[in-house]
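Taking it in order: structure first as structure tokens, then the write-up.
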Amino acid sequence: MILTMRELKPDETQLAFEAMRALRPGLRDEAEFVSRVNDVQRLEGYRLVASLDAGEERPSAVAGFRTGHGLAWGFYLYVDDLSTLPGARRRGHGTALMRWLLEEASRLGCDSLHLDSGVSSERIDAHRLYFNHGLAITSYHFAVRT
């Protein structure tokens, strides 16, 4: 299968909606998604990369990421979202995205790449993908809603 990788620019954000909704089912409205990404998150450095089947306009998988600096990680690339449409899973999209993200982290001179992933049983395939690309579980992530 031939896959195409490309970064989505602000005028293409809507193309990521369906694939992103597979991971974030709370996303209900495409216009709201586009506004949130373009008017808030992109201003904070968020970027979108897409994996497309050859000849397709809409991505089968997308990843949202950003870079930052911290005392613990130095200069890092953080993957906020990595999602594949259910019907496109096990066709290499996740692997293509992980390779692209690792190459981008290296290209930018990042010290590390990080992501958080839920621990439910439906995330097992995602965890396998991350382990296969050299990621390790290095900490607990704590959170509370305020």
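The values are calculated or read from the model by the stated rules, or taken from the named source; none is laboratory data. The model shown is predicted, which means the values in this text are computed figures rather than measured ones. Reconstructed Cβ throughout: ideal geometry from the backbone, glycine too, with neighbour counts over all protein chains shown. The protein model used for the area step is the full one, side chains on, heavy atoms only, and it has no ligands, DNA or RNA in it. Shrake-Rupley method; radii C 1.70, N 1.55, O 1.52, S 1.80 Å.
Can you pull out every residue in segment 30-41 that is touching a Phe, Trp or Tyr at 6+ places or on another chain (Cβ under 7 Å) and either surrounded by 20 or more Cβ atoms within 10 Å (Cβ to Cβ) or not hydrophobic (A, V, I, L, M, F, W, C) (or both)?
Kept after step one, since they are touching a Phe, Trp or Tyr at 6+ places or on another chain (Cβ under 7 Å), are these residues of segment 30-41: 30, 33, 37.
Scanning segment 30-41 gives Glu30, Val37.
All but one of (1) within 21 Å of Arg6 (Cα to Cα); (2) surrounded by fewer than 18 Cβ atoms within 10 Å (Cβ to Cβ) hold for His141; state the number of the condition that does not hold.
Of the numbered conditions (1) within 21 Å of Arg6 (Cα to Cα); (2) surrounded by fewer than 18 Cβ atoms within 10 Å (Cβ to Cβ), the odd one out for His141 is (1).
For segment 42-58, indicate whether the set of residues that are out of contact with any helix residue (DSSP H, G or I) (no Cβ under 7 Å at 6 or more places or on another chain), open to solvent by 70 Å² or more (accessible area, probe 1.4 Å) and at pLDDT 95 or above is non-empty.
Checking segment 42-58: at least one residue is out of contact with any helix residue (DSSP H, G or I) (no Cβ under 7 Å at 6 or more places or on another chain), open to solvent by 70 Å² or more (accessible area, probe 1.4 Å) and at pLDDT 95 or above.
Quick one: what pairs do we get from segment 97-120, first residue within 18 Å of Trp73 (Cα to Cα) and modelled with pLDDT of 95 or more, second open to solvent by 30 Å² or more (accessible area, probe 1.4 Å) and among the acidic types (Asp, Glu), C-beta under 8 Å, 6+ apart or different chains?
Partner pairs satisfying both residue conditions: Leu115/Asp80.
Would you mention how many residues in segment 77-102 are on the phi > 0 side of the Ramachandran plot and surrounded by 20 or more Cβ atoms within 10 Å (Cβ to Cβ)? Break it down stepwise before answering.
First, the residues of segment 77-102 that are on the phi > 0 side of the Ramachandran plot: 90, 92.
Next, from what is left, pick out any that are surrounded by 20 or more Cβ atoms within 10 Å (Cβ to Cβ): none.
Looking only at that region, the number is 0.
From Arg36, Arg24, Arg6, grab the single residue that is out of contact with any Gly (no Cβ under 9 Å at 6 or more places or on another chain) and more than 19 Å from His93 (Cβ to Cβ). Please lay out each step first, then the result.
On the way: Arg24 fails: more than 19 Å from His93 (Cβ to Cβ); Arg6 fails: more than 19 Å from His93 (Cβ to Cβ).
Sole residue among the options that is out of contact with any Gly (no Cβ under 9 Å at 6 or more places or on another chain) and more than 19 Å from His93 (Cβ to Cβ): Arg36.
May I ask you to say which residue of Arg123, Arg145 is over 23 Å from Thr13 (Cβ atoms), in a loop (DSSP other than H, G, I, E, B) and out of contact with any Cys (no Cβ under 9 Å at 6 or more places or on another chain)? Steps first, please.
On the way: Arg123 fails: in a loop (DSSP other than H, G, I, E, B).
None of the others qualify; the one that does is Arg145.
So, His69, is that one more than 16 Å from Glu7 (Cβ to Cβ), surrounded by fewer than 21 Cβ atoms within 10 Å (Cβ to Cβ), under 15 Å from the mean Cα position of the chain (by Cα) and not hydroxyl-bearing (Ser, Thr, Tyr) or not?
On the way: more than 16 Å from Glu7 (Cβ to Cβ): yes; surrounded by fewer than 21 Cβ atoms within 10 Å (Cβ to Cβ): yes; under 15 Å from the mean Cα position of the chain (by Cα): no; not hydroxyl-bearing (Ser, Thr, Tyr): yes.
No: the conditions fail for His69.
Assigned to a strand (DSSP E or B) and open to solvent by less than 70 Å² (accessible area, probe 1.4 Å): does that describe Val62? Spell out the reasoning first.
Working: assigned to a strand (DSSP E or B): yes; open to solvent by less than 70 Å² (accessible area, probe 1.4 Å): yes.
The answer is yes for Val62.
Examine segment 2-11 for a residue that is among the hydrophobic types (A, V, I, L, M, F, W, C), touching a residue at least 60 places away in the same chain (Cβ under 8 Å), closer than 19 Å to Asp125 by Cβ and outside any strand (DSSP E or B), and state whether such a residue exists. Give the derivation first.
Quick first cut of segment 2-11, residues among the hydrophobic types (A, V, I, L, M, F, W, C) only: 2-3, 5, 8.
So of that shortlist, the ones also touching a residue at least 60 places away in the same chain (Cβ under 8 Å) come out as 3, 5.
With the extra rule that they be closer than 19 Å to Asp125 by Cβ, the set shrinks to 3.
With the extra rule that they be outside any strand (DSSP E or B), the set shrinks to none.
So far as segment 2-11 goes, no, none of its residues is among the hydrophobic types (A, V, I, L, M, F, W, C), touching a residue at least 60 places away in the same chain (Cβ under 8 Å), closer than 19 Å to Asp125 by Cβ and outside any strand (DSSP E or B).
Please determine whether any residue of segment 17-29 is in contact (Cβ under 8 Å) with a residue 40 or more places away in the chain, under 16 Å from Asp80 (Cα atoms), in a strand (DSSP E or B) and open to solvent by less than 30 Å² (accessible area, probe 1.4 Å).
No, segment 17-29 has no match at all.
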